[in-house]
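Right, one structure below, let's go through it.
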Amino acid sequence: MKKKIYFAAICCMAMLAGCQQAEEIVNPSEELVMSVEASIEDAIGSRYASNNVNGTPNSLKFDSGDNIGVFVGEKGVTKWTKSETDSWGTTPNPVYWPGKESAGYDFYAFYPYPTETSEFSKEDVPMPSLEGQTGTIASLSACDFMVATAHSAYNDDNGKVSFTGETNCFKHVSSLVAITIQKESDLKESVINKISFEGANTNLGALTSYSFKTETVSVKTAKDKMESADLGVSMAEEESDKTLYFILNSGASLSDVTFSIKYETEGIDYIATKSNLGNSVFTKGNRYNFKLNITDGVLDIRGCEIQGWGEGTDMGDIVINTPQTDSNQQ
């Protein structure tokens, strides 16, 4: 009887050990679930959440429903979505770390995640189209392409990858232009219809892609003009100055760029243009502020400052020609 009891005890111990080994096999996968946190350059903020229509580019942040893409080393992209609780997750299944290697892994992230395709590599990430911009804060979120990189190991922060801090946070790849139309001017009773930027061989409005390998932008479909959608901004209905925001591809010299504004006053369509906006270059991550005014029929644009979504420098004044009636008026 003692032998039988001893044998049964050994069997039970073996079974228990087997269960523990099985748990040890399962648990590592459960423990290696990946999580993500993300922020944008300039801790004050700088993302244009659609529910903050009265904000500015320096006062907004990622909103629930926003999607970012993340590459882990040479593996394919995964889409992460921000929830209403401010956490990021993948749907329908979680993402797991490749392992606990102390050397860690390279992570590459970008925003926004393309809606047209998921078939791309980290050397050819589709950047959003710059067409149809309406000048509003809400419309910028669809065009503002940002990237972030990080190197992290599982044990650094219990499986969390942080795209935060000065080095790893999301950074803007394109340039932002802010046009402030002054209320007290000849435009106070006008309707602003379109704004455009154009320059030969500038690719200001081109369809582009981004390479994490070279950290450069490539042109997929050339286009030297960025023209807004029909704006329909009635200055008579504005209580103060009106600022319109537009995203442009970086790289062009302002001296090669022509600015145009189309507007309607008392039923007549006008167009005013200005070639050579200055000596600077549209640089990624920079914001270019201009003040627009028309007095006694002369359009004046003042370039107040260039900002890296932060402090800026003086750009001087730019005077534009006397507006002409639009030859395309029906």
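Every number in this text was worked out from the coordinates using simple rules, so none of it is lab data. Note that the coordinates shown come from a computational prediction; the quantities given were computed from them, not determined experimentally. Please note: Cβ atoms are built from the backbone with ideal geometry, for glycine as well, and neighbour counts cover all protein chains shown.
Which shape class applies to the stretch 156-212: rounded if a/c is under 1.5, otherwise prolate when a/b exceeds b/c and oblate if not, where a ≥ b ≥ c are the square roots of the Cα gyration tensor eigenvalues? It is oblate, given that a/c is not under 1.5 and a/b is not larger than b/c. Ordering of 113-121, 77-85, 255-263, 227-235 by packing is 255-263, 227-235, 77-85, 113-121, highest average first (other Cβ atoms within 10 Å, averaged per residue). If the segment from Val281 to Glu166 were pulled out straight at 0.36 nm per residue, it would be longer than the present Cα-Cα gap by 39.0 nm.
Length gained on full extension, Glu74 to Asn201, computed as 0.36 nm times the residue gap minus the Cα-Cα distance: 42.3 nm. Dipole of the stretch 115-182 computed with +1 at Lys/Arg Cβ and -1 at Asp/Glu Cβ about the Cα centre; of Leu140, Ser121, Gln182, farthest Cα towards the positive end is Gln182. When +1 charges are put on Lys and Arg Cβ atoms and -1 charges on Asp and Glu Cβ atoms, the dipole computed for the stretch 57-117 relative to its Cα centre reaches about 100 debye. Evaluated with a Cβ-only charge set (Lys, Arg +1; Asp, Glu -1), the stretch 99-257 carries a dipole of roughly 320 debye about its Cα centre, given to the nearest 20.
Applying 1/(1 + (r/R0)^6) with r as the Cβ-Cβ distance of Thr117 and Tyr96 and R0 = 25 angstrom yields a FRET efficiency of 0.55.
Between the beta carbons of Thr273 and Glu184, assuming R0 = 35 Å, the FRET efficiency works out to 0.95 to the nearest 0.05.
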